[in-house]
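Okay, so here's the structure we're looking at.
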Amino acid sequence: MTATTLGSLLYEGKAKRVFATDQSDVVAVEYKDDATAFNALKKAQLVGKGELNCQISARLFELLERNGIPTHYRALQKANWMLVRPMRIVPVEVVVRNTAFGSLCKQMPIEPGTPLDPPLLDLYYKDDAYGDPLLTDARLERLALLSADQRREMGRLAMAVNTCLRSFFADIGLQLVDFKIELGFSAEGELVVADEISPDTCRLWDLKVGDSSDRILDKDRFRQDLGGVVEAYGEVLKRVQGACPPPRLCK
Ligand code: UDP
């Protein structure tokens, strides 16, 4: 990738900022240190989180690409910046669950920690004003965000991401409990994995640690006030780095 010059701010979300560049087919994403939970009711600055999530995401996007799963990622730019392809993001949070935890256990009579085989696919309408509600197939169809083929492709991509990430994380001693991805349409109309893949968006439990909060290496440390959030993300990056080649760098 050739060097880019930063342009105007296109979008600011809770954890990232997206900027135009001097190349129309490249946008720059800055990962922020801001942490939010519970629809932004809980907020904090966690110094170093942005860099850790960017470094983890870059390697996981490259892992997905090596496994034939298309993503928006192009290259790492610097510590907490990456270059990606511009996308039209589909406002659906695509969640895959391998183990019951979190909101699932608040909405259904299922014990936290129950294995889910086959994994459960849950779709949520991404809109804070509505509180990101769970979607039914009929509601998703009614929203007319995706054709029937594209809805099937979304499910297929989510399950392919799960298969790839679950086995990768298991090899580095981490249980992938669940995760959220977002998909976008590229300029060519291809549905690809966008946003980020990090301990902010994946539940990861240390397989070496027994059934206690010490095993939690993800954003639940922040949600549950367990402390050691940045340290936990650092441990995830250390293991991811040990199993992945260095990411592509923008020259
Ligand atoms: N998740 C996310 N962003 C959201 C909601 C959920 O990244 O806005 C992730 C969350 O970190 C977890 C998975 O999606 O890995 C499933 O989250 P869940 O539905 O259990 O919601 P939560 O318990 O986090 O409210």
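Readers should treat all values here as calculations from the given coordinates under stated rules, not as data from a laboratory. What you see is a predicted model; the values in this text were computed from it and never measured. Quick reminder, even Gly has a Cβ in these numbers, built from the backbone with ideal geometry, and neighbours come from all protein chains shown.
Spatially, the stretch 80-117 and the stretch 154-230 are offset by 8 Å when compared through their Cα centroids. With the biggest extent put first, the Cα atoms of the chain measure 51, 43, 36 Å across the principal axes. Highest GNM mean-square fluctuation among 172, 197, 110, for the chain modelled with Cα contacts below 10 Å: 110.
Give the residue from 2, 130, 29 lying farthest towards the positive end of the charge dipole for the chain; charges sit on Cβ (+1 for Lys and Arg, -1 for Asp and Glu) and the dipole is referred to the Cα centre. The one lying farthest along the dipole's positive direction is 2.
What is the dipole size for the chain, taken about its Cα centre, with +1 at each Lys and Arg Cβ and -1 at each Asp and Glu Cβ, in debye to the nearest 20?
On the way: 33 positive and 36 negative charges, 60 e Å.
Computed about the Cα centre, the dipole is about 280 debye.
Based on Cα contacts under 8 Å between residues 6+ apart, the stretch 78-154 shows a relative contact order of 24 percent. Modelled this way, with points 7 Å down the Cα-to-C-beta line, the labels at residue 2 and residue 88 are 2.8 nm from one another.
Please list, by residue number, every one of the GluC sites (Glu not before Pro) in the stretch 132-212 that is coil in DSSP and has at most 14 other beta-carbon atoms within 10 Å. Display every interim value, and only then the final one.
On the way: sites: 141, 153, 182, 188, 190, 196; in loops: 188, 190, 196.
Loop-located and lightly packed - 188, 190.
The charge dipole of the stretch 194-243, taken about the Cα centre with unit charges on the Cβ atoms of Lys, Arg (+1) and Asp, Glu (-1), comes to about 140 debye, rounded to the nearest 20. Amide H contacts of residue 90: 183, 184, 185, each under 5 Å away and 5 or more positions distant or on a separate chain (H built 1.01 Å from N in the peptide plane; Pro and chain starts excluded). Helix content alone sets the calculated 222 nm mean residue ellipticity of the chain: runs of n ≥ 4 DSSP H residues at -39500 (n - 2.57) each, divided across all residues, give -9000 deg cm²/dmol. Taking the Cα centre of the stretch 32-155 as reference, the dipole from Cβ charges on Lys and Arg (+1) and Asp and Glu (-1) amounts to some 360 debye.
The Cα atoms of the stretch 93-149 cover 34, 28, 15 Å along the three principal axes, with the biggest extent listed first. Does anything in the stretch 66-100 have its amide N under 14 Å from the 7 Å Cα→Cβ label point of residue 24, and if so which residues? Only 86 fall inside the zone, counting backbone N under 14 Å.
Select from 189, 108, 160 the residue farthest towards the positive end of the dipole of the stretch 88-231; place +1 on Cβ of Lys and Arg, -1 on Cβ of Asp and Glu, and compute about the Cα centre. So the residue furthest toward the plus end is 108. Give me log10 I(q)/I(0) at q = 0.17, 0.19 Å⁻¹ for the stretch 160-251, Debye formula, one equal scatterer per alpha-carbon, no solvent. Here the Debye-derived log intensity ratios amount to -0.80, -0.95.
Here each label is just a point 7 Å from Cα along the line to Cβ, and for residue 66 and residue 139 those points are 3.8 nm apart.
What do you get when you divide the Cα radius of gyration of the stretch 1-110 by 2.2 N^0.38 Å, with N the number of residues?
Values: Rg = 16.1 Å, N = 110, 2.2 N^0.38 = 13.1 Å.
Ratio of Rg to 2.2 N^0.38 Å for the stretch 1-110: 1.23.
A full extension of the chain between residue 163 and residue 107 corresponds to an added length of 17.6 nm, given 0.36 nm per residue minus the alpha carbon distance.
Per-residue 3J(HN,Hα) values for the stretch 39-47, derived from phi via the Karplus relation 6.51 cos²θ - 1.76 cosθ + 1.60 with θ = phi - 60°, read 6, 6, 6, 10, 9, 7, 9, 10, 4 Hz in sequence order (x marks Gly and Pro).
Using a simple spin-label model with pseudo-atoms 7 Å out from Cα toward Cβ, residue 151 and residue 44 lie 4.0 nm apart.
Among 192, 209, 94, the largest mean-square fluctuation in a Gaussian network model of the chain (Cα springs under 10 Å) belongs to 209. Taken one residue at a time, the phi angles of the stretch 237-244 give Karplus couplings (6.51, -1.76, 1.60, θ = phi - 60°) of 4, 4, 6, 5, 4, x, 10, 10 Hz. Gly and Pro are set to x. In sequence order, the stretch 128-144 has phi-based couplings of 4, 4, 9, x, 6, x, 4, 9, 9, 4, 5, 5, 4, 4, 4, 5, 6 Hz under the Karplus curve 6.51 cos²θ - 1.76 cosθ + 1.60, θ = phi - 60°, and Gly or Pro positions carry x.
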